[in-house]
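Heads up, the thing below is written out as structure tokens.
Values quoted throughout were computed directly from the atomic coordinates according to the rules given, and no laboratory measurement underlies them. Quick caveat: nothing in here was measured; it's all calculated off a predicted structure. Cβ: placed from backbone, ideal geometry, glycine included. Neighbour counts: every protein chain shown.
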């Protein structure tokens, strides 16, 4: 089972929930859970996992390279490139690698077969484990624009042979392409929010993606419960979304998280809550 | 005209709450134009309660679609699509269609189809607005669910904001930025004179602070920092202040945890409007005084 943890609004507790679920799943599963950090712009799961040695492999986008001997400067490549990542300038073809989405269209369309593709490194995939869980995460290089190719490389590499493992995906905030890339690979989405007008506004945007567009079953975790108002709970009722848990506003939680301690280890009284969430999701998806 | 962008790396550190307070303070001293560049989570309007003046459509990327009548089921489109967007609807191996959510809009299938059965049109991917708030005109947007190209929408918003600011001889463009370091962030900070990064004293926010600072160095934009909820972990707050000092980045102030920020938000107000004497309000006032010197 693949569970994505997403949110709409940032800073609502996605990573806290993802790490806690992975640790909760390690208790009684026959296979080790796998935690994939898909928030490649700002990956934080590793900070909470006390990992063994981390290995890193570069990843990126296949970009065109033009053979100047074969190229006759016809400009077909520039014509078909939607992102203006390739252009003929005088006697040369220029490639703007950071604009290239790696679709391969210029390579296919070149009438002289003058283009081949090379890997342009835009990030890396890291892998490690601790005594309870296996971990992999994508890291977008600083200055790079596109998160999605790093996310899709991470998911392609780790979801194929997952067997019966529980896989937890920690998504980027928001509801545009990096979030969509992550949640569409999942069987169930947990939307973490807080009971405030900002939390509600961004939850609504996330629900429109997950429920209305992708039709993936989902449930909500209300974090920092007790602050704000009841509008989020009312919204969940109206939209028929189960509230999986309400995590109270508790200054101790903020303090332990600020030191990189996983919630369910530092405050073990929360462990049962995350086991129950896993059980509920298991029943829903079976 | 100066441009200030508020960023954070990590989400949920208080960018929008700080931006709205600064907007209130700045508007007493200068004319300003606001842009909410966090188009995925456009919350600034929830604190400024603006009145919508003009509505514009945002045209996003291409989406391919296959004419089932003309299709000869050769499978070339599926072969060339690198985004897994060409699918067999209802599992029928002879039928082909495009999943619009996965379609990258590269038009590769459109060019490769031997019978011209594929079309590719630009789609409306969102709406953006020019609204009037008590702090000044606000440019903000709504992306349609699951759409891409949010960086392009941010660029469009900012271009409109800078245009209005220039034509009215305004003093400041204030941009509420998105979290992260990728496409929409880079679009939000293009052309900024100064970035204010709102961070928190925790391992995640500190990790993300370093990545956004590196990103700003990469694009040659000057940074400043303020630390929200600073009393949650005082030693981490001191760690941030020391590392910023070592890197020559000004720390403009600490904002203590203050539940009046959330109470104010629930009433659609900034904490400065709700309780000007609260600890968070006093702290933001101090930050604005320092910020004004930079601008």
Expressed as an acute angle from 0 to 90° and rounded to the nearest 10, what is the orientation of the C-alpha long axis of helix B:234-247 relative to the principal long axis of chain B?
-> 80 degrees
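Classify the protein assembly as shown as rounded, prolate or oblate, taking a ≥ b ≥ c as the square roots of the eigenvalues of its Cα gyration tensor: rounded when a/c is under 1.5, otherwise prolate if a/b is larger than b/c and oblate if not. Intermediate values should be presented prior to the final figure.
On the way: a/c = 1.63, a/b = 1.22, b/c = 1.34.
Judged from the Cα gyration tensor, the protein assembly as shown comes out oblate (a/c at least 1.5, b/c at or above a/b).
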Per residue of A:101-109, how many C-beta atoms from partner chains lie within 10 Å of its own C-beta, taken as a mean?
-> 5
Separation of the residue A:72 and residue B:59 label points, Cα + 7 Å toward Cβ, nm = 3.4 nm
Sticking with the crude label model, points 7 Å out along Cα→Cβ, report the distance from residue B:115 to residue B:243 in nm, one decimal please.
-> 5.9 nm
Which three extents, in whole angstrom, do the alpha-carbon atoms of region B:50-143 cover along their principal axes, largest first?
-> 59, 23, 23
Please say if region B:68-116 is rounded, prolate or oblate, where rounded means a/c under 1.5 for a ≥ b ≥ c the square roots of the C-alpha gyration tensor eigenvalues, and otherwise the choice is prolate for a/b larger than b/c and oblate otherwise?
-> oblate
Computed FRET efficiency, Cβ-Cβ of residue A:216 and residue B:159, R0 56 Å: what is it to the nearest 0.05?
-> 0.95
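Assuming 0.36 nm per residue, please report the length gained on full extension of the stretch residue B:260 to residue B:79 beyond their Cα-Cα distance.
Result: 59.5 nm gained on full extension.
How large is the helix-only mean residue ellipticity at 222 nm for chain B, computed as the sum of -39500 (n - 2.57) over DSSP H runs with n ≥ 4, divided by its residue count, in deg cm²/dmol to the nearest 500?
Working: 11 runs with 109 residues, N = 295.
The helix contribution divided over chain B gives -11000 deg cm²/dmol.
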Assuming R0 = 51 Å, can you tell me the calculated FRET efficiency for the pair residue A:109 and residue A:261, based on Cβ-Cβ distance, to the nearest 0.05?
-> 0.40
Computed lengthening from residue B:88 to residue B:127, 0.36 nm per intervening residue step minus Cα-Cα distance | 10.9 nm
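Using just the helices of chain A, give the 222 nm mean residue ellipticity in deg cm²/dmol: DSSP H runs with n ≥ 4 each add -39,500 (n - 2.57), and the total is spread over all residues, rounded to 500.
Working: 10 runs with 91 residues, N = 286.
Calculated mean residue ellipticity at 222 nm is -9000 deg cm²/dmol.
What is region A:86-177's relative contact order, in percent, from Cα pairs under 8 angstrom and six or more apart in sequence? All intermediate terms of the calculation are to be shown ahead of the outcome.
Details: 61 pairs, mean separation 14.5, N = 92.
That works out to 16 percent.
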How do B:68-76, A:206-214 rank on mean C-beta neighbours within 10 Å, highest first?
-> A:206-214, B:68-76
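Between residue A:159 and residue A:118, what FRET efficiency follows from the Cβ-Cβ distance if R0 is 35 Å, with the result rounded to 0.05? All intermediate terms of the calculation are to be shown ahead of the outcome.
Numbers: r = 26 Å, r/R0 = 0.75.
So, using R0 = 35 Å, E works out to roughly 0.85.
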Post the alpha-carbon centroid distance, region B:27-85 to region A:216-254, in whole angstrom.
-> 28 Å
Taking a ≥ b ≥ c as the square roots of the eigenvalues of the Cα gyration tensor of chain A, is the shape rounded (a/c under 1.5), prolate (a/b larger than b/c) or oblate?
-> prolate
Relative contact order [Cα under 8 Å, 6+ residues apart], chain B, whole percent | 27 percent
Kindly work out what percent of the DSSP beta bridges joining two residues of the protein assembly as shown are antiparallel, to the nearest 5.
-> 50 percent
Taking alpha-carbon centroids only, region B:126-161 lies from region A:160-182 a number of Å equal to 28 Å
